[in-house]
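What follows is a set of notes on a single structure, which appears directly below.
The values are calculated or read from the model by the stated rules, or taken from the named source; none is laboratory data. What you see is a predicted model, and the numbers here were worked out from it, not measured in a lab. Heads up, the Cβs are rebuilt from the backbone with ideal geometry, glycines too, and the neighbour counts pull from every protein chain shown. To get the accessible areas, we keep the full protein, side chains included, count just its heavy atoms, and leave off ligands, DNA and RNA. Shrake-Rupley method; radii C 1.70, N 1.55, O 1.52, S 1.80 Å.
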Amino acid sequence: MHPLRPADSLTHETGLLKFVLGIESSCDETAAAVLAHDGSVLSSMVASQTTVHEKFGGVVPELAARAHISHINCVVMDALNQARLSLNDISAIAVTEGPGLAGALLVGVNYAKALSYGLSIPLIGVNHLEGHIASAWLGDPTFPLPCVVLVVSGGHTHLYRKDQTGECFLLGCTRDDAAGEAFDKGAQMLGLEFPGGPAIDQLARKGDAKAIPFPQFHQRKTSMEFSFSGLKTALLYTLRKLDDGMRAAKLADLAAGYQEAIVQVLVIKAFAALAHTGLSALAVVGGVSANSRLRALLVERGAREGVRLALPPPEYCTDNAAMIALVGWQKLMTDPQTERQVDIRPLLQHSAVHPSVSYKEITHS
Ligand code: KG4
Ligand code: ZN
């Protein structure tokens, strides 16, 4: 049985809930996906806006919203075609309502509202972070609860304990920049293309991470808080000391050293959270979890310490609509009356209890 699906709702809803359409437009990916009644993914389509934003070195909100408008209908139709379904087969729609860029969210939410109204089917608003967390079960439907979840994306670096009930408790998060932001800003300083994370990941494979080591910022060694803004400053000062020729010659080493400082901290903190909670299941989700060095380190240490790992396939690490559909599907299975007023919530936070234990307690344990 799917661990996200409560046992007592199984027979109740399967007859009603045939296919769920998920829609995601919180940042710079327009995505749509279709889930079957057993939670399996029938299709997942993503229209990327990389070419729109790359010349600006970052996401331009107004351009993102316009690109969502151009793409959304095609992406939804592609998702339906790939699933060999038509709009009339859909029994509910799940859409990201936040957090994200207001104009971008508005496109997805309004499109979903119009569709749900026209088809007379329920519309469920989904928290983007809950979507990322759920992506662990897209890759591995049997992944157990309770577990520790590390969300590492462009806007978030958050560690949670996810209980048997599915409720999340915040263990720690970043005090400043998110890990993805550190990748993106670092790549910009190194003159790499947008988006920065995949560019550093690729270049670092040709470099030596030990050639130019960067400091790893831990706050306190045993705490579960992160900090990445100092690392950016360290890169800036390192670059200032190199002339253009040296920079070009050392670019891969710089990328490898900088990446290593980010991913080592992520691994140390994730395993500190496992030690603190006494759990042995770890899910790592969000765009940065696509990073090849991070994945290799997690797999290696996970195997050494007998930890069950959920690392979604890369297409479910970065923004996608399958994860949004999964949360919507789960909400409907748990509570068929879950529908409520859906609206954009650009500043929406995760509803996790914050924090589950005091940091003092953690640092002295
Ligand atoms: O989850 P996501 O697609 O969107 C947000 O919700 O933010 O994450 C995007 C972030 C960006 O900062 C991007 O550079 C980073 O994930 N990212 C990566 C990799 N692929 C995407 N960072 C490091 N290595 C990668 N392979
Ligand atoms: Zn995301």
inquiry  = If I200 meets every condition in (1) closer than 19 Å to L297 by Cα; (2) open to solvent by 20 Å² or more (accessible area, probe 1.4 Å); (3) not charged (D, E, K, R) apart from one, which number is that one?
reply    = (2)
query = Right, N88: open to solvent by 10 Å² or more (accessible area, probe 1.4 Å) and farther than 19 Å from I344 by Cβ or not?
reply = yes
message = I'm told K18 meets every condition in (1) open to solvent by less than 50 Å² (accessible area, probe 1.4 Å); (2) in contact with a His (Cβ under 6 Å, 6 or more places away or on another chain) except one. Can you identify the failing condition by its number?
response = (1)
Subset of the range 169-227 that is in contact with a Lys or Arg (Cβ under 8 Å, 6 or more places away or on another chain) and within 16 Å of ligand 2 (Cβ to nearest atom) - its residue that is modelled with the highest pLDDT = A182
Within the range 240-346, helices (runs of 4 or more DSSP H) holding 2 or more residues that are among the hydrophobic types (A, V, I, L, M, F, W, C) = 244-277, 292-305, 322-334
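Go over the candidates K206, K232 one by one and state the one that is in the same structural domain as L159 (by TED's automatic domain parsing), more than 24 Å from G302 (Cα to Cα) and in a loop (DSSP other than H, G, I, E, B).
Details: K232 fails: in a loop (DSSP other than H, G, I, E, B).
Only one candidate qualifies: K206.
Can you tell me which residue in the range 145-164 is farthest from ligand 1 (Cβ to nearest atom), limited to those that are open to solvent by 10 Å² or more (accessible area, probe 1.4 Å) and within 13 Å of Q349 (Cα to Cα)?
Step one: filter the range 145-164 for residues open to solvent by 10 Å² or more (accessible area, probe 1.4 Å), giving 145-146, 153-156, 158, 161-164.
Narrowing further to those that are within 13 Å of Q349 (Cα to Cα): 155-156, 158.
Numbers: G155: 5, H156: 7, H158: 11 Å.
Ranking the candidates gives H158 first.
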